[in-house]
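Working notes, beginning with the structure itself.
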Amino acid sequence: MQLGPDGALYIADFYNRIIGHYEVPLKHPGRDRERGRIWKLTYKGGTGRGSRGDGLPDFSQMDHAHIITELGHANITRRMLATHYAVDSEDEQLVRHIRRLLNRGDLENWKQRVHALWVTERSGVLNDAILGDVVHDEAMEVRTHAMHLLAERKDWNKTQQNWVLLALHDDHPNVQRAAANALSLHPNENHIRPLIQVRETTPDNDPQWLYGMRLALRNQLRDEDSWHSLMGYDFSEIDAERIADVAMAIPSESAGDFLVWMASKHEVKEDSLLQFFRHAARYASREQLNNLAHLVPRKFPNKSELQLELFQSVRQGLLERGEGMSPSILNWGSQMVRQIMQKNITSGETWSYHTIDGVKNTPNPWFLQVRSSADGDRDSTFICSLPAGGESYTGILRSPIFKCPEQMSFHLAGHDGYPDKPRQKKNGLRLVDSISGQVLQEAYAPRNDTAQPYTWNLLEFTGRNVFLEIIDADEGAAYAWLALGRLKPEVIPFPELSPNEEGKRLVSAAQLAGELRLNQYIPNLKEWIVGPVPDASVSIAAAKALSRLDEANLPARLSDLLQHSGKLGTAITALRKAMIAETHTTQRALLSEMVGMLPLRYQQEVMNLLSNHATSTGWLVTQIKEGRLSPLTLRNQVAYSKMESVVSGDVKILLKEWKDSLPAPNHLLQDLIERRSEGFDFQNANLTNGRALFELACSQCHQIAGEGALIGPQLDGVASRGVARLIEDILAPSRNMDPAFQVYLITMADGEVISGMPRREQGNAFVLADASGQELTVNLSNIRTRNLVSQSLMPDNFDELFDDQQFTDLVGFLLHDSSH
């Protein structure tokens, strides 16, 4: 949209009837790259109030006085045209006339003075005598443009520099912002202290002024030498904060060193510390990094969670920097792992988090919170499932086992669905016999934010070994939480740390044990694998760490299968035993027994997880030979490609023979696509079930209506593809793959093969997304080969995941939600 010199508005409308650009091929004939429309809007007004504008100006036919008048026209387009004409016409008499009027202050309004200023500057006749008057002009618009003009000059003399520094204290924020912008384009160590001083009075509610000040200060400090001018400067804490604020945007050693110094000398908020240390880890000198390793434990001796976060920030920064950890940093990490590993968490005396079968897995929602009760108590601690932003999170928190008392009282707060709807009985507390699993007592959410009292009479169960389960099975976005507190008698203590934080802490410790190659903690990791542990994610992290410490432990590479313990109870128990077995021979023997228990769907996962090394691929081949692993797993093209890349000779030939002997997958798949396309009936789709299936199987990579992740294509508007194309894209994801979502097959220096979709490069770190939607980071220097493959990251086994009705529900949901 442009304002024309005639007073009309002109709007360019590049007409294109293609709306859903992602779904329509680039060569589609409906795409129009040649035609468009320009709309002209003029003000008509009421009777007697119409306006036809001023007509089109012809400056070549105007005298000097008329052109100078045009410099102050109300229409900025005309003012700009007059300015350009005055400069480009090379009429020296006109320019001298304008300069004389500007010098004498004889121009009528600020618009004329602003444009006269630019005419004289662009014509090379503006001197400091005139400019000195302009920077003190009564109109803030003129003073602002004086700063813009100085910003564009390459060099300043001392007088001009002082004008800009004084303008930082102007009465009008526009002038101040323009001065800050000018300083940002002219870095000089003499600007640093004035900017720090002015920053003290910068209002936080003026984001433009604040940004301009921060940008100006940042640009002064980009030069390494400028940091030397700060030496000996007596920083107040607030001054240091201002510098640290911009130092995080400066990729230099001095900036990193300053952040470490800042953290050692002043109190810093925890969230800021994380940012400081991550930046320092990437850019600070080795000396300061070693200081960091000593500083953090000394500054936060009793905050292991914060220390873990800071250490991970340092580790990530070093990864992006392409450097290893120094002995001091390694020792810091080791000490943290030791402190956590010393605590016995597998004694059965800890609260443990469990997922709920049939409900989408979510982060652990349970945390400690002080809540009010109906009897007026306001200071009691509750275990609650309402974390910030996580009301739809679900799960069971199970207490340690205890002897059942004769009576138990407690308070519950929370909800069980919308108040105007019937109770769902999804959120509540139950008492369970630890031997038989029998539910002895139940209580449901009171549907009240204020905790209400409950009492159980337990005489008939007194003395039994029992445990409590706090259950939140409601995936709703509101009225979907529960809180338990004030348990009497105190047969079991509440957790010392919020359960969701405890799980994260233990997961971090397990990850560090693996990454730092701390073999002395293998026994602890094995204990965490068999449990009980506060969170299933702890067992998974322990198994992953064990696989790093003992690369020949094949069962440990199947850590992701541990999340299916509810569905694969016996097989997962066997897998845990295989993981902790003492010898590799025993591990593989137990693993062979375990894979024979798995249905094809989970055998496919085994194939995916073990097909990235020659050794484990050889084991897979043996399992197929001996009949424990189905040859149909070779239809998994991702796994087959990885296996093919790590084997050779007879094994490679054998794999191809097996794959070639399978029923033609394309024919089977095409028959399935056609059958489900022709048989699809939207009226038979259960949209509620379809949404649940989408959340379980698709949302970790795809987003629809703002819900889900954006690893793969966004699915709003996917209904426009039609039923047949949509079904084909689900069942055969590699057929019509967008190049933007192609997959890399990466061979690491140690022979491991990784597949994933590239997300970004950060320094020496290459971040990919895997088939589960999770990000994984590899070191670029450890990559041997990196090749694009013509296959989708999306699993190609949706025909096995869902039966016909479930598939209909899922497609119905996608068609319905994406069309709205």
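The values are calculated or read from the model by the stated rules, or taken from the named source; none is laboratory data. All values reported here derive from a predicted model rather than from experimental measurement. Cβ atoms come from the backbone with ideal geometry, glycine included; neighbour counts cover every protein chain shown.
Listing for the model above:
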{"read-out": "Scope region 480-501; condition in a loop (DSSP other than H, G, I, E, B) and closer than 19 Å to ILE401 by Cβ; matching residues", "value": "PRO489, GLU490, VAL491, ILE492, PRO493, PHE494, PRO495, GLU496"}
{"read-out": "Residue satisfying condition, being farther than 24 Å from ASP770 by Cα and in contact with a Pro (Cβ under 8 Å, 6 or more places away or on another chain), within set LEU672, LEU662", "value": "LEU662"}
{"read-out": "So GLY256, is it part of a helix (DSSP H, G or I) and in the same structural domain as ILE192 (by TED's automatic domain parsing)", "value": "yes"}
{"read-out": "Residue among LEU484, LEU431, LEU412 that is surrounded by 17 or more Cβ atoms within 10 Å (Cβ to Cβ), without any contact (Cβ under 8 Å) to a residue 40 or more places away in the chain and farther than 27 Å from GLU707 by Cα", "value": "LEU431"}
{"read-out": "Residue match in region 763-775 (condition: among the hydroxyl-bearing types (Ser, Thr, Tyr), at pLDDT below 85 and farther than 27 Å from SER645 by Cα)", "value": "no"}
{"read-out": "In region 437-481, residue nearest to ASP377 (Cα to Cα) [restricted to those that are among the β-branched types (Val, Ile, Thr) and surrounded by fewer than 19 Cβ atoms within 10 Å (Cβ to Cβ)]", "value": "THR450"}
{"read-out": "Neighbours by Cβ (under 9 Å, 6+ apart or cross-chain): first from region 284-309, more than 24 Å from VAL507 (Cβ to Cβ) and touching a residue at least 12 places away in the same chain (Cβ under 8 Å); second loosely packed, with under 14 Cβ neighbours inside 10 Å and of a type outside the set (D, E, K, R)", "value": "ASN290/PRO327"}
{"read-out": "Condition broken by LYS421, with the remaining ones in (1) surrounded by fewer than 16 Cβ atoms within 10 Å (Cβ to Cβ); (2) among the charged types (D, E, K, R); (3) within 15 Å of ILE401 (Cβ to Cβ) satisfied", "value": "(3)"}
{"read-out": "Residue in region 334-342 that is under 20 Å from LEU484 (Cα atoms) and among the hydroxyl-bearing types (Ser, Thr, Tyr) present", "value": "no"}
{"read-out": "Residue in region 491-504 that is touching a residue at least 40 places away in the same chain (Cβ under 8 Å) and farther than 26 Å from ALA443 by Cβ present", "value": "yes"}
{"read-out": "Listing of helices (runs of 4 or more DSSP H) fully contained in region 553-653 that carry 1 or more residues being within 30 Å of ASN361 (Cα to Cα), without any contact (Cβ under 8 Å) to a residue 60 or more places away in the chain and among the charged types (D, E, K, R)", "value": "569-580, 584-595, 600-610"}
{"read-out": "Among the candidates TRP156, TRP163, residue that is within 21 Å of GLU141 (Cβ to Cβ) and in the same structural domain as SER226 (by TED's automatic domain parsing)", "value": "TRP163"}
{"read-out": "From the options LEU289, LEU330, LEU308, residue that is surrounded by fewer than 18 Cβ atoms within 10 Å (Cβ to Cβ) and part of a helix (DSSP H, G or I)", "value": "LEU330"}
{"read-out": "Scope region 600-625; condition charged (D, E, K, R) and surrounded by fewer than 18 Cβ atoms within 10 Å (Cβ to Cβ); matching residues", "value": "ARG601, LYS625"}
{"read-out": "One residue from THR77, THR144, THR83 being closer than 30 Å to ASP6 by Cα and either among the basic types (Lys, Arg) or touching a residue at least 40 places away in the same chain (Cβ under 8 Å) (or both)", "value": "THR77"}
{"read-out": "Count of region 558-591 residues which are closer than 22 Å to GLU626 by Cα, at pLDDT below 90 and polar (S, T, N, Q)", "value": "1"}
{"read-out": "Hits in region 218-255 - residues which are in contact (Cβ under 8 Å) with a residue 40 or more places away in the chain and not polar (S, T, N, Q)", "value": "TYR233, ASP239, ARG242, ILE243"}
{"read-out": "Extreme residue, farthest from the chain's Cα centre (by Cα), among residues of region 797-820 that are surrounded by fewer than 14 Cβ atoms within 10 Å (Cβ to Cβ) and part of a loop (DSSP other than H, G, I, E, B)", "value": "ASP803"}
{"read-out": "Of the criteria (1) touching a residue at least 24 places away in the same chain (Cβ under 8 Å); (2) under 20 Å from MET248 (Cβ atoms), which one ASN174 fails", "value": "(2)"}
{"read-out": "Test result for ARG628, surrounded by 14 or more Cβ atoms within 10 Å (Cβ to Cβ) and either of a type in the set (A, V, I, L, M) or farther than 22 Å from ALA771 by Cβ (or both)", "value": "yes"}
{"read-out": "Residue in region 487-503 that is farthest from SER304 (Cα to Cα), counting only those that are charged (D, E, K, R) and surrounded by fewer than 21 Cβ atoms within 10 Å (Cβ to Cβ)", "value": "LYS488"}
